[in-house]
Amino acid sequence: MTSSTITEENDPYRELQEHLDQLPIPYQTTNSGVEINILKRIFTPEEARIASKLRFSWSDLENLDSIYKKVQELGYSKDELEQTLDAIAAKGGVMVYEDNAGNKCYGNAMLIFGMFEFQVNKLTKEFVKDVITYMKEGWVNEVNKVPIPQMRVIPIGVTVDQQTAIFTYDDVKKIIDEAEGPFMITNCICRQAQDVLDRPCKNTDRREVCMAWGKGAEMYSKAGWGRTISKEEAIDILTKNEKEGMILQVGNAQHPEFICSCCSCCDPSLSFLKSLPAPATFIQSNYFATNDQELCTGCGTCADRCQMAAITVVDDKAAFNKNRCIGCGNCVATCPSDAVRLVKKDWETIPPQTMQELYDTILKEKSRVRAKEMKRKEKKALKNASA
């Protein structure tokens, strides 16, 4: 392999940043340059050059032969390329799966979901602080320009008060039952991030709460980032998560491939939502909670359970703020008088069929939004020039 002198015009980290920014989830520049610091914590300069040649696909990664053709000018032999890609994958910089023939395939990982989650069990305080800084410097705003979230909230195992049955893709037990294995359980990266910052979770002492199945589960298990479990174990863990009041978030597809069990004290997206006056506006969920005033005793159990501050007790009765409720169902599960129930919204948000379809949709909308922004900037520049 060959090496080259790094200059401002030939910076492999900037090249990789610009490459990753073209993926469905943005990786834009900042004034501080913290996005480059994050990449330097994962990639060597030569590894960054290789990663810039890969492509992103949730379900169809590139095999080694295909990648080798694109990086030959870098001077790697095929064996050296494989070793380097495996080294990057071990550090959580790229994805690696095996195809049906047993051949290793590789692809870019986005920051979230991707490189950040792949730091499970090896997070450092410096990395966490960089990611938090990056999110505050504009990443959250950039992501939210596209109104199609990567995740959606589904109710915990409770009954929905409506004649029409709960949608299959919103029923956690049906999702698990229909999923093809293998199943994998892993430590929650968000709670580990808070642990390294000495801010442990207020909701649970357990960390092994998030799960996946299929190719992603295989990757995690082979890398030693998680362990294989049975479908029955998955249901048992989800039941424990529900009892501890965790909010279930799945990949935003009808056939998701992972479930995160989250809380507003650790998950940055839920923490951000809680700070807003109307969290329900910014979350994808088909339900909201309400209660039967006659049955309600005003005990406050539901208010204590709610992580979005959507419930208050007024005149010995629980009052629900529909603009703050994200439809997680935690209040329903613990109401001692069975007064609380979930109700379907008047409109139904149907998620894409697969995760690949989700990211294709996000990328298309992102391109449309950016083209519109570019046109607006050009129009403003012309106006200023003529003034």
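The values are calculated or read from the model by the stated rules, or taken from the named source; none is laboratory data. Keep in mind it's a predicted model, so treat the numbers as computed, not measured. Methodologically, a virtual Cβ is constructed for each residue, glycine included, from the backbone with ideal geometry; neighbour enumeration extends over all protein chains shown.
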Query raised in the report: Quick one: would you say SER59 is surrounded by fewer than 18 Cβ atoms within 10 Å (Cβ to Cβ), under 24 Å from ALA217 (Cα atoms) and at pLDDT below 95?
Result: yes
**Report entry** Cβ pairs under 9 Å, 6+ apart, first in the stretch 65-79 and under 13 Å from GLU46 (Cβ atoms), second basic (Lys, Arg) and surrounded by 13 or more Cβ atoms within 10 Å (Cβ to Cβ)
**Finding:** VAL71/ARG49; VAL71/LYS53; LEU74/ARG49; LEU74/LYS53
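Inside the stretch 226-239, can you point out the residues that are surrounded by fewer than 19 Cβ atoms within 10 Å (Cβ to Cβ) and either among the aliphatic types (A, V, I, L, M) or in contact with a strand residue (DSSP E or B) (Cβ under 8 Å, 6 or more places away or on another chain) (or both)?
Result: ARG227, THR228, SER230, LYS231, GLU233, ILE235.
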Query raised in the report: Of all residues in the stretch 240-268, which are surrounded by fewer than 24 Cβ atoms within 10 Å (Cβ to Cβ), of a type in the set (S, T, N, Q) and either touching a Cys at 6+ places or on another chain (Cβ under 8 Å) or over 26 Å from LYS215 (Cβ atoms) (or both)?
Result: SER264
Query raised in the report: Of all residues in the stretch 311-332 being surrounded by fewer than 19 Cβ atoms within 10 Å (Cβ to Cβ) and aliphatic (A, V, I, L, M), which is nearest to CYS299 (Cα to Cα)?
Result: VAL313
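Rundown of residues vs (1) at pLDDT 95 or above; (2) within 16 Å of LEU270 (Cβ to Cβ); (3) of a type in the set (Val, Ile, Thr), yes/no style:
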position: ARG305; (1), (2), (3): no, yes, no
position: ASP316; (1), (2), (3): no, no, no
position: ASN321; (1), (2), (3): yes, no, no
position: CYS325; (1), (2), (3): yes, yes, no
position: CYS331; (1), (2), (3): no, yes, no
position: THR334; (1), (2), (3): no, no, yes
position: ASP338; (1), (2), (3): no, no, no
position: ARG341; (1), (2), (3): no, no, no
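Here are some residues: LEU358, LEU363, LEU342, LEU382. Which one is within 26 Å of PHE258 (Cβ to Cβ) and surrounded by fewer than 18 Cβ atoms within 10 Å (Cβ to Cβ)? Lay out the reasoning, then the answer.
Working: LEU358 fails: surrounded by fewer than 18 Cβ atoms within 10 Å (Cβ to Cβ); LEU342 fails: surrounded by fewer than 18 Cβ atoms within 10 Å (Cβ to Cβ); LEU382 fails: within 26 Å of PHE258 (Cβ to Cβ).
So the residue among LEU358, LEU363, LEU342, LEU382 that is within 26 Å of PHE258 (Cβ to Cβ) and surrounded by fewer than 18 Cβ atoms within 10 Å (Cβ to Cβ) is LEU363.
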Query raised in the report: Could we say that ALA223 is of a type in the set (A, V, I, L, M), under 23 Å from MET355 (Cβ atoms), in the same structural domain as CYS302 (by TED's automatic domain parsing) and surrounded by fewer than 20 Cβ atoms within 10 Å (Cβ to Cβ) here?
Result: yes
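Being polar (S, T, N, Q) and either out of contact with any Cys (no Cβ under 9 Å at 6 or more places or on another chain) or surrounded by fewer than 21 Cβ atoms within 10 Å (Cβ to Cβ) (or both) is the filter here; which residues of the stretch 270-291 pass it? Don't jump to the end; show me each part of the working.
Filtering the stretch 270-291 for residues polar (S, T, N, Q) gives 271, 275, 281, 284-286, 290-291.
Once the filter is applied, which keeps residues that are polar (S, T, N, Q) and either out of contact with any Cys (no Cβ under 9 Å at 6 or more places or on another chain) or surrounded by fewer than 21 Cβ atoms within 10 Å (Cβ to Cβ) (or both), the stretch 270-291 yields SER271, SER275, THR281, GLN284, ASN286, THR290.
What's the total number of residues in the stretch 84-136 that are part of a helix (DSSP H, G or I) and either touching a strand residue (DSSP E or B) at 6+ places or on another chain (Cβ under 7 Å) or within 17 Å of PHE56 (Cα to Cα) (or both)?
6
Find the helices (runs of 4 or more DSSP H) located wholly in the stretch 181-292 whose residues include 3 or more that are more than 21 Å from ASN330 (Cβ to Cβ) and small (Gly, Ala, Ser), and list them. Show your work before the answer.
Numbers: elements: 189-196, 215-223, 231-243, 268-274.
The helices (runs of 4 or more DSSP H) meeting that bar are 215-223.
For the stretch 137-160: of the residues being among the charged types (D, E, K, R) and surrounded by 14 or more Cβ atoms within 10 Å (Cβ to Cβ), which is nearest to the chain's Cα centre (by Cα)?
ARG152
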Query raised in the report: For the stretch 329-387, which residues satisfy the criterion of being within 20 Å of SER285 (Cβ to Cβ) and in a helix (DSSP H, G or I)?
Result: ASN330, CYS331, VAL332, ALA333, MET355, GLU357, LEU358, THR361, ILE362, GLU365
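Could we say that GLU35 is in a helix (DSSP H, G or I) and either modelled with pLDDT of 95 or more or under 29 Å from LYS145 (Cα atoms) (or both) here? Break it down stepwise before answering.
Values: in a helix (DSSP H, G or I): yes; either modelled with pLDDT of 95 or more or under 29 Å from LYS145 (Cα atoms) (or both): yes.
When the stated conditions are applied, GLU35 passes them.
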Report task. May I ask you to list pairs of residues, at least six apart or on different chains, whose Cβ atoms are under 7 Å apart, with the first in the stretch 299-317 being over 21 Å from PHE272 (Cα atoms) and the second being of a type outside the set (Asp, Glu) and surrounded by 22 or more Cβ atoms within 10 Å (Cβ to Cβ)? Result -> THR301/CYS335; CYS302/ILE311; CYS302/ALA318; CYS302/CYS331; CYS302/CYS335; CYS302/VAL340
Report task. Among the candidates LYS129, LYS69, LYS125, LYS91, single out the residue that is at pLDDT 95 or above, out of contact with any Ser or Thr (no Cβ under 8 Å at 6 or more places or on another chain) and loosely packed, with under 15 Cβ neighbours inside 10 Å. Result -> LYS125
